[in-house]
1. Could you provide, to the nearest whole Å², the per residue accessible area of the range 69-187 with probe 1.4 Å?
2. Going by average Cβ density within 10 Å per residue, which order do the peptides 259-269, 121-131, 279-289 take, highest to lowest?
3. Net charge around Pro347, counting only other residues with Cβ within less than 12 Å of its Cβ (Lys, Arg = +1; Asp, Glu = -1)?
4. Could you work out how far helix 181-197 tilts from the main Cα principal axis of the chain, as a 0 to 90 degree angle to the nearest 10?
5. Would the range 148-204 count as rounded, prolate or oblate if I go by the C-alpha gyration tensor, calling it rounded below 1.5 in a/c and otherwise prolate when a/b exceeds b/c, oblate otherwise?
6. Find the lysine pairs in the range 303-427 meeting two conditions, Cα atoms under 19 Å apart and a separation of 8 or more places or different chains, and report how many there are.
7. Can you give me the long-range amide H partners of Lys107? Hydrogens built in the peptide plane at 1.01 Å from N, cutoff under 5 Å, separation of 5 or more residues or another chain.
8. How much mean residue ellipticity at 222 nm does the chain get from its helices, if each DSSP H run of length 4 or more adds -39500 (n - 2.57) and you divide by all residues, to the nearest 500 deg cm²/dmol?
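The values are calculated or read from the model by the stated rules, or taken from the named source; none is laboratory data. For clarity, every value in this text was computed on a predicted model and none was experimentally measured. A quick note on method: Cβ atoms are made from the backbone with ideal geometry, for glycine too, and the neighbour counts reach across all protein chains shown. Note: accessible area is taken over every heavy atom of the protein model, side chains too, but ligands, DNA and RNA are not part of it. Shrake-Rupley method; radii C 1.70, N 1.55, O 1.52, S 1.80 Å.
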Amino acid sequence: MQVNKPEDFYNNVSKALAQPDLKMIIRRTTDKAEKKRAEAIADFPEFENARAQGQKVKDHTIKYMDHYLAEFEKNALAQGTIVHWASTGEEASKIVLDICRQHKAKKVTRSKSMLGEEIGLTHAFDNSEIERIETDLAEHIIQLAGDPPSHIVWPAMHRSREDVVRLFREFHADPTYSEEITDLVRSARRDLRTKFLTSDIGISGSNFLLADSGSTCTVTNEGNAELTITPPKVHIVTAGIEKLVPSMAHAVPLLRLLTRSATGAEITQYITFHNGPKRSDDADGPEECHIVLVDNGRTKMLADGMEEMLRCIRCGACMNHCVVYKHIGGHAYGSVYPGPMGSVLTPHLDSLEVANKQTHACTLNGRCEEVCPVNIPLPKLLRSLRARSWQKKYEPLTNRFVVQAFAALAKRPRVFQLLCSCGVVFMKLFSRQGWIKYMPLTSGWTRNRDLIEPESKTFMQQYKKMKKAKSSGV
């Protein structure tokens, strides 16, 4: 599996823009998601109230996280669950692998979890003697392809139907030769069903952790989480500490926000609350349950004044509406979390020095904040990270020179306006039918797309003309 790295962001972007079909494939899904979300919100007049309530729930829980973590642990232990604490991703992966080895597991099934990707659990299993089986349909596809996820809700967004047909025919024991989606789903179901039933351990994430009961909650559309968790004798949950909510009543407004923002549906097919290992009178369920609570930079975000990012409920709405993501896809970011939310999270999961380029992968148009179901001010957080990157001198010397030159010109309005006027004339020389295909010093833009021809006058010239006309009553 070839995994892009955050520090290679500019190279990753160039490769993504050079793929002629990638933008079309991504837009096909994100545009549909954007439309469905808009329809779902229009049919939900309580959305803004639920949004404000969801924000309050998350902010309250984050403020008193130490209290709710202690309460969650106490109640989870009372249910018979074994609770583990992990400061880093590596520590969390080691805990999971150690549990598997203690039970002499040969095969594990895994329900989709971005936290599992974040802590490197997939790679840890691939480098071990234990077979890992992804049970989410999209994760199943990218596991066969050897790809990392490209989206937090639709991990296989970058793959076309033709890719899926080829992969299933190559890897499934009983593949379909139809290209209909329903037949492809049946092919995956046939391939995965016996693996569900013969798995030694089931691993899942958790959308919410309920402090007052010690319960975990999974939200899925395929039922694979239930099949992953129920047949095996051991269930392992990996969850970030920010997934906490005080109670079921506090989880409900977040559930109402999550599904509408993620897929445009009122509710998902399966919302399941897991309450530890099975009791003596239960018909089925795991005999042993473990929860691995993961920090991995989250408390550092609190210390750095980035606590608003911990509200995130991983719906993916910000990337579905992001103009940058729609052009380059998720792999270009070189991190587990792409898009606007990833550009804030990655500098804390890796480091700002490594991932400072991602903070510039944003036009600051505000769409991500506008659609965020818990009102995360993503543009503000990105500006804050850019400022820190500048102060720490992580920016390339060329960038620093350009910004300093602009600052010097901005302090001299007449020189600035004169250069802008000359720039408009210069750009007109390279314009053909309203577009500029090539112009010196703009290859970063024109290498993969055309630059629109400027207006005949600069903004300030047009503004002065309009102001003059207005004052003269024209």
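1. 44 Å²
2. Highest mean packing first, the order is 259-269, 121-131, 279-289.
3. Working: positive: Lys300, Lys357, Arg386, Arg388, Lys392; negative: Glu7, Asp304, Asp350, Glu353.
Surrounding charge for Pro347 is +1.
4. Helix 181-197 sits roughly 40 degrees off the main axis of the chain.
5. oblate
6. Close lysine pairs found across the range 303-427: 5.
7. Those qualifying (amide H under 5 Å, at least 5 residues apart or on another chain) are Glu131, Asp200, Ile201.
8. Calculated at 222 nm, the ellipticity per residue is -15000 deg cm²/dmol.
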